1. Filtering the range 98-118 down to residues that are more than 15 Å from residue 45 (Cα to Cα) and exposed (fewer than 15 other Cβ atoms within 10 Å of the Cβ), which residue is modelled with the highest pLDDT?
2. Need pairs with beta-carbon distance below 7 Å; first residue closer than 17 Å to residue 50 by Cβ and of a type in the set (A, V, I, L, M) and within the range 100-114, second assigned to a helix (DSSP H, G or I) and at pLDDT 95 or above; sequence gap 6+ or separate chains.
3. Looking only at the range 39-70, count every residue that is farther than 30 Å from residue 122 by Cβ and either modelled with pLDDT of 95 or more or surrounded by fewer than 17 Cβ atoms within 10 Å (Cβ to Cβ) (or both) and tell me the total.
4. For residue 107, are the conditions met, namely being within 19 Å of residue 165 (Cα to Cα) and over 12 Å from the mean Cα position of the chain (by Cα)?
5. Among the numbered criteria (1) out of contact with any Phe, Trp or Tyr (no Cβ under 9 Å at 6 or more places or on another chain); (2) in contact (Cβ under 8 Å) with a residue 24 or more places away in the chain; (3) crowded, with 16+ Cβ neighbours inside 10 Å; (4) assigned to a helix (DSSP H, G or I), which single criterion is violated by residue 153?
6. Could you please give the count of residues in the range 180-191 that are without any contact (Cβ under 8 Å) to a residue 60 or more places away in the chain and either loosely packed, with under 15 Cβ neighbours inside 10 Å or among the β-branched types (Val, Ile, Thr) (or both)?
Amino acid sequence: MKAELSDHLEEMDHEISGLELQISYKGYRVDGDNGIKKVVCLNHRKSVDYFYIKNDKCLFIEFTDEARGQEDLIGLDDSISQVASEFHLGKLRKLIKNDKRDEMLAKFKDSRDIFSKIPDYFQNIPTAFLSQDAKTFYIVHIPINESLSEENKAAIARYMTGLSARISGCLEDEICERVKLVLLADFINELG
């Protein structure tokens, strides 16, 4: 007997520590102990956090605190530049950018595989889960720390926009309708 997809429907949790903003909308948990990917036997794969249905379409939702990770790099600049040349610092930044892009690409592509197996493992599934049309990939991030200098805030904003563009360039075709980078508060407003 097939499992019930509704067993994975829960209030979405961004799981970002120190952020009080709550999401009062439900999505289908993909990762974790109670995730869909475990049921479809792809637990070893990367995945987005949730599948969310809006206007009879399924959105792929990934919550990230990558902006906070970039804050940590700003603090490293001074200590690294004392030890390493600008060349090495530039190479390190490029490696980090490529690694994050590759991680997000893998999450989307593996999530497509997980999504495609849902009809084989679950019953009573919404029609949005039957369509293999291109999906929208939401990368939902936290606000940039207001206590940073304007220069550092701008650098992080450029990084996040660039990350979204690099992911879009690799995904936006028949498997991905579009990649959307959005602040958590704006994402919550869009759902409502």
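The values are calculated or read from the model by the stated rules, or taken from the named source; none is laboratory data. Every value quoted in this text rests on a predicted model; they were computed, and no experiment measured them. Cβ atoms come from the backbone with ideal geometry, glycine included; neighbour counts cover every protein chain shown.
1. 99
2. 114/36; 114/37
3. If we filter the range 39-70 for residues that are farther than 30 Å from residue 122 by Cβ, which is where we start, we get 65-70.
Okay, now just the ones that are also either modelled with pLDDT of 95 or more or surrounded by fewer than 17 Cβ atoms within 10 Å (Cβ to Cβ) (or both), so 69.
Total satisfying the criteria: 1.
4. Working: within 19 Å of residue 165 (Cα to Cα): yes; over 12 Å from the mean Cα position of the chain (by Cα): no.
No, not satisfied.
5. (2)
6. 4
Conditions (1) out of contact with any Phe, Trp or Tyr (no Cβ under 7 Å at 6 or more places or on another chain); (2) modelled with pLDDT under 85, marked per residue:
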site: 121; (1), (2): yes, no
site: 127; (1), (2): yes, no
site: 133; (1), (2): yes, no
site: 139; (1), (2): yes, no
site: 171; (1), (2): no, yes
site: 174; (1), (2): yes, yes
site: 180; (1), (2): no, no
site: 184; (1), (2): yes, no
